[in-house]
Structure formats: C-alpha cells, structure tokens
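Engineer: Got a structure here, written out as structure tokens. Questions coming.
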Amino acid sequence: MARFISHALSAAALLALCGTASAQFTVRGGLSHIAPHSSATDAVGPMLPGPPSGISIDVQNKSTLFLSLAYGFHPNMEFELALGYPPTHDVNAKIAPWLPPHIVAFDGRKVAEVRQIAPTLFFNYKFGDATSRWRPFVGVGLNYTNFDKRTSTAANNALNGGPTDIRLSDSWGLAGQVGLSYRINERWSITGAVATARVKSKLTTHTAGVQREIDIRFHPVVLTVNAGYTF
C-alpha cells in the first residue's frame, strides 16, 4: 500500500511540475457508506462436511470518513487519490440449514472483524466549464485493497474448533465512479458520488495447524458526500 501511495503522489507531483497556470489542487473531506455486496464460496478444508460444506461468510456494510486529494491539470480533467479512514467490517457466518443444529446455531453470528485500507486513484472528467454551478463527472481508475487487521471472534473460534488466525490476500482491480459537484464559490464545493471497484480476496484460516479457505468477491457500492476546498 505504501508503494502505491508513493507512486500516486509522485505522479501528482510530476503533473504539478508540468502543469499550467490553471492547475489546481482540491482537498475533499466527508462521509462514505460502503456496501461490500460480497459473494463467497463455501469453506474448503479438512474436517468440513461436503463438498459443498454449507459454511460461508457475509461481509457487512460500514460507514466511514472520506478524504481525497485531487490535482486538476485541465478545467475538465483531474487526478484524484481517494483515501479516507480505514473502515472495520463485521463478518457474519452463513450456514446452510441442512447442517447439524449445533452448526446451524452459528448462522448470522459475527465470526470476524476485518479492517480494509483501499486507496483508489481516479482520472475524472468533469462536464461543463469551471464557472458552472453544477458539474457532473465520471471517473475511471485503479483500486488497491489491503486487509491489514483481522480478528477472529469467540464464535468463530468455537465454530473452527479453537483459536483461529485469519489472513486475506490483497487485491488490485479497476474502479469507476460517477458524481455531481455543486460550486459554492471559487474555493468551496459540495460533491456527491457513487463508486465501485473489482475486489477479490482469498480468506485463509489456521486453527491448530488445520487450514481452510474461502474465495471472496466484492461488488462494492460506495456512496460519498463531501465538501471540497480548491487552492
């Protein structure tokens, strides 16, 4: 992640050196609501029923603070590095009803907490001109997602048969967004946006030397409202 941010900031700095007198920076801050829309395979590994095992997971929604830095090198074009405060998502168990009752009892219970860090670099195209009050925009870019903190709950430890270590692989994928900005004055603006990205990860658990795996795909919908200051 540090390498990604370093490269992104280096690119922004290079653009700044090559920019024209009309180049501007905009800092944006606000709130984001993240709906992961995860889809996960059934767990595979030793001492599981099946296949299919009938044991899977569902990642829950989360709201968090949003922060981005944009470099406008043209009245209609900008690069935006979207960051924000890393959210921690609850992860709930999904248990098939045909499994034994003592396993079905874990259905819907929180089995983990996972924090994600997901910097995304967008190229945005803004319609209209610099003095327009309302400016719709579209953006395409690249997302990097790292799951840096992973905690197994007591319920998950009981389901797996002991203290469990959780790992998730990093993800790189395309991202996109659409939004609308309202220009208050030459410095301040309000923006609303909807973004998504291609995110996939492999979840691996280790319990007393036993390894089990789940493949997860995310189809996130991220709703953001923020205020921007241009300088």
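The values are calculated or read from the model by the stated rules, or taken from the named source; none is laboratory data. All figures in this text were calculated on a predicted structure; none of them were measured in a lab. When we count neighbours, we look across all protein chains shown, and the Cβ atoms used for this are built from the backbone with ideal geometry, even at glycine. These area figures cover heavy atoms from the full protein model, side chains too; ligands, DNA and RNA do not enter into them. Shrake-Rupley method; radii C 1.70, N 1.55, O 1.52, S 1.80 Å.
Engineer: Only one of (1) modelled with pLDDT under 95; (2) in contact with a Lys or Arg (Cβ under 8 Å, 6 or more places away or on another chain) fails for residue 218. Which number is that?
Structural biologist: Failing condition for residue 218: (1).
Engineer: Any residue that is among the hydroxyl-bearing types (Ser, Thr, Tyr), over 20 Å from the mean Cα position of the chain (by Cα) and over 25 Å from residue 123 (Cβ atoms) - is there at least one of those in the stretch 160-167?
Structural biologist: Of all residues in the stretch 160-167, those among the hydroxyl-bearing types (Ser, Thr, Tyr) come to 164.
Okay, now just the ones that are also over 20 Å from the mean Cα position of the chain (by Cα), so 164.
Narrowing the set further to residues that are over 25 Å from residue 123 (Cβ atoms) leaves 164.
Yes, there is a match, as at least one residue in the stretch 160-167 is among the hydroxyl-bearing types (Ser, Thr, Tyr), over 20 Å from the mean Cα position of the chain (by Cα) and over 25 Å from residue 123 (Cβ atoms).
Engineer: To continue, here is another question. Out of the residues in the stretch 96-142 meeting the condition of being among the β-branched types (Val, Ile, Thr) and touching a helix residue (DSSP H, G or I) at 6+ places or on another chain (Cβ under 9 Å), tell me which one is modelled with the lowest pLDDT.
Structural biologist: Start the filter on the stretch 96-142 by keeping residues that are among the β-branched types (Val, Ile, Thr), which leaves 103-104, 111, 114, 117, 120, 131, 138, 140.
Remaining after also requiring touching a helix residue (DSSP H, G or I) at 6+ places or on another chain (Cβ under 9 Å): 103, 111.
On the way: 103: 95, 111: 98.
Top of the filtered list is 103.
Engineer: Taking the stretch 105-129, which residues are of a type in the set (A, V, I, L, M, F, W, C) and either within 18 Å of residue 199 (Cβ to Cβ) or loosely packed, with under 15 Cβ neighbours inside 10 Å (or both)? Please lay out each step first, then the result.
Structural biologist: Looking only at the stretch 105-129, we keep the residues that are of a type in the set (A, V, I, L, M, F, W, C), and these are 105-106, 111-112, 114, 117-118, 121-123, 127.
Across the stretch 105-129, the qualifying residues are 112, 114, 117, 118, 121, 122, 123, 127.
Engineer: If the requirement is being open to solvent by 60 Å² or more (accessible area, probe 1.4 Å) and over 15 Å from residue 150 (Cα atoms), which of these qualifies: 53, 63? Quick ask: steps written out before the conclusion?
Structural biologist: Working: 53 fails: open to solvent by 60 Å² or more (accessible area, probe 1.4 Å).
Of the residues listed, the single one that is open to solvent by 60 Å² or more (accessible area, probe 1.4 Å) and over 15 Å from residue 150 (Cα atoms) is 63.
Engineer: Output the residues belonging to the stretch 185-212 that are of a type in the set (Gly, Ala, Ser) and either in contact with a helix residue (DSSP H, G or I) (Cβ under 9 Å, 6 or more places away or on another chain) or free of Cβ contacts under 8 Å to residues at least 12 places away in the same chain (or both). Give the derivation first.
Structural biologist: First pass over the stretch 185-212, keeping only residues of a type in the set (Gly, Ala, Ser): 189, 192-193, 195, 197, 201, 208-209.
Across the stretch 185-212, the qualifying residues are 208, 209.
Engineer: Restricting to the stretch 154-168, name every residue that is over 23 Å from residue 116 (Cβ atoms) and of a type in the set (A, V, I, L, M, F, W, C).
Structural biologist: Answer for the stretch 154-168, where residues must be over 23 Å from residue 116 (Cβ atoms) and of a type in the set (A, V, I, L, M, F, W, C): just 158.
Engineer: Which residue out of 17, 48, 9 is part of a loop (DSSP other than H, G, I, E, B) and at pLDDT below 95? Step through it out loud before you land on a result.
Structural biologist: Details: 17 fails: part of a loop (DSSP other than H, G, I, E, B); 9 fails: part of a loop (DSSP other than H, G, I, E, B).
So the residue among 17, 48, 9 that is part of a loop (DSSP other than H, G, I, E, B) and at pLDDT below 95 is 48.
Engineer: Starting from the stretch 154-170, take each residue that is at negative phi and list its partners that are part of a helix (DSSP H, G or I), counting only C-beta distances under 7 angstrom and pairs at least six apart or across chains.
Structural biologist: Within 7 Å, the pairs are 163/157; 164/156; 164/157.
Engineer: Taking into account only those residues within the stretch 190-215 that are of a type in the set (Lys, Arg) and in a strand (DSSP E or B), which is least open to solvent (accessible area, probe 1.4 Å)? Explain how you work it out, then say what you get.
Structural biologist: First, the residues of the stretch 190-215 that are of a type in the set (Lys, Arg): 198, 200, 202, 212.
If we keep only those that are in a strand (DSSP E or B) too, we end up with 200, 202, 212.
Numbers: 200: 113, 202: 75, 212: 23 Å².
Ranking the candidates gives 212 first.
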